[in-house]
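Right, one structure below, let's go through it.
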Amino acid sequence: MRTDDFRHQGLRRQLVELLKKKGIASDKVLAAIGKVPRHLFIDDTAFERFAYVDQAFPIGCGQTISQPYTVAFQSELLQLKPGEKVLEIGTGCGYQTAILCELGAKVYSIERHRPLYLATKARLVAMGFRATLVHGDGYKGLPVHAPFNKVIVTCGAPEIPQALLDQLVIGGRLVIPVGGEGRQSMITVERTANGMERQEHGAFSFVPMVEKKSGG
Ligand code: SAH
């Protein structure tokens with residue numbers, strides 16, 4: 001049984017201070033980062049010490065757990081209010097999913113890799129986070145549960161999938177890294193009564209968003 005002891009908690013406090021220095025201003029987001037035990041999302045205990053360093057890390061299936069700064073930045077851009085319905089594309093190991101739960105959202109999350117989906121579902125249940133996880137293709141969104149107040153994409157999309165815009169409420173917001181392999185621009189799109197309002201928020205690097213689910 002892995003624990004979350006005073007040493008991990010101390011490392012998290014230091015990570016929160018670092019993210020503040022890097023410009024994360026939302027107290028709610030910082031509190032969530034301070035609370036969720038990121039080391040428990042890294043399977044191999046030998047690599048636990050990397051959990052509170054501000055960098056991405058491999059999690060299997062050729063995927064990565066996003067850098068804490070990136071998770072905090074995207075969470076801040078979402079402007080979440082407790083109780084809002086959020087769709088996440090790219091569950092991965094579930095760390096961002098847990099942060100969204102901690103922020104009080106009702107979370108739906110899609111992962112295309114079946115082994116990751118299964119492992120993360122078990123992990124989040126064991127940790128007591130309640131989210132609806134789906135094995136599927138994020139390009140399609142999740143029409144059965146739409147509309148959503150917010151949509152967050154945690155893989156780099158070549159362009160903005162229309163289905164995700166269609167599944168936003170009026171007044172809803174999409175946060176998505178858009179661009180080619182290795183380098184994307186963080187984009188927010190707000191769906192208003194008159195159309196879509198788009199803003200750019202700097203360069204990031206994500207694993208690519210790939211069409212179609214894998215693993216049956
Ligand atoms: N949110 C994760 C980031 C995982 S990396 C975290 O907190 O660390 C991005 C994930 O997106 C990968 O697991 C990848 O398999 C998944 N992905 C890529 N394309 C996808 C698609 N079309 N639908 C669903 N998931 C996708």
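Odds and ends about this structure:
- Test: residue in the range 7-18 that is among the hydrophobic types (A, V, I, L, M, F, W, C), surrounded by 14 or more Cβ atoms within 10 Å (Cβ to Cβ), out of contact with any Phe, Trp or Tyr (no Cβ under 6 Å at 6 or more places or on another chain) and assigned to a helix (DSSP H, G or I): yes
- Residue pairs meeting the criteria (Cβ under 7 Å; at least 6 apart or on separate chains; first more than 7 Å from the ligand (Cβ to nearest atom), in the range 201-216; second at pLDDT 95 or above and of a type in the set (A, V, I, L, M)): HIS201/LEU77; HIS201/MET186; GLY202/MET186; PHE204/MET186
- Residue among SER26, SER66 that alone is in contact with an Asp or Glu (Cβ under 8 Å, 6 or more places away or on another chain), polar (S, T, N, Q) and in contact (Cβ under 8 Å) with a residue 40 or more places away in the chain: SER26
- Some residue of the range 153-165 being under 20 Å from CYS101 (Cα atoms) and among the hydrophobic types (A, V, I, L, M, F, W, C): yes
- Filter result (small (Gly, Ala, Ser) and away from the ligand (no atom under 15 Å from the Cβ)) within the range 142-178: ALA146, GLY171, GLY172
- Residues in the range 94-118 that are within 11 Å of the ligand (Cβ to nearest atom) and part of a helix (DSSP H, G or I): 10 in all.
- Residue ID - nearest to VAL125 (Cα to Cα), chosen from residues in the range 94-110 that are hydrophobic (A, V, I, L, M, F, W, C) and open to solvent by less than 10 Å² (accessible area, probe 1.4 Å): ALA98
- Some residue of the range 132-139 being in a loop (DSSP other than H, G, I, E, B), within 12 Å of the ligand (Cβ to nearest atom) and of a type in the set (Gly, Ala, Ser): yes
- Sole residue being open to solvent by 30 Å² or more (accessible area, probe 1.4 Å) and either under 19 Å from ASP4 (Cβ atoms) or under 17 Å from the mean Cα position of the chain (by Cα) (or both), chosen from ARG38, ARG49: ARG49
- Tally of residues being out of contact with any strand residue (DSSP E or B) (no Cβ under 9 Å at 6 or more places or on another chain) and either more than 15 Å from GLU197 (Cα to Cα) or of a type in the set (Phe, Trp, Tyr) (or both) across the range 127-186: 5
The values are calculated or read from the model by the stated rules, or taken from the named source; none is laboratory data. Keep in mind the model is a prediction, meaning the values are calculated, not measured. Backbone-built Cβ (ideal geometry, glycine too); neighbour counts: all protein chains shown. With ligands, DNA and RNA removed, areas are computed over all heavy atoms of the protein, side chains included. Shrake-Rupley method; radii C 1.70, N 1.55, O 1.52, S 1.80 Å.
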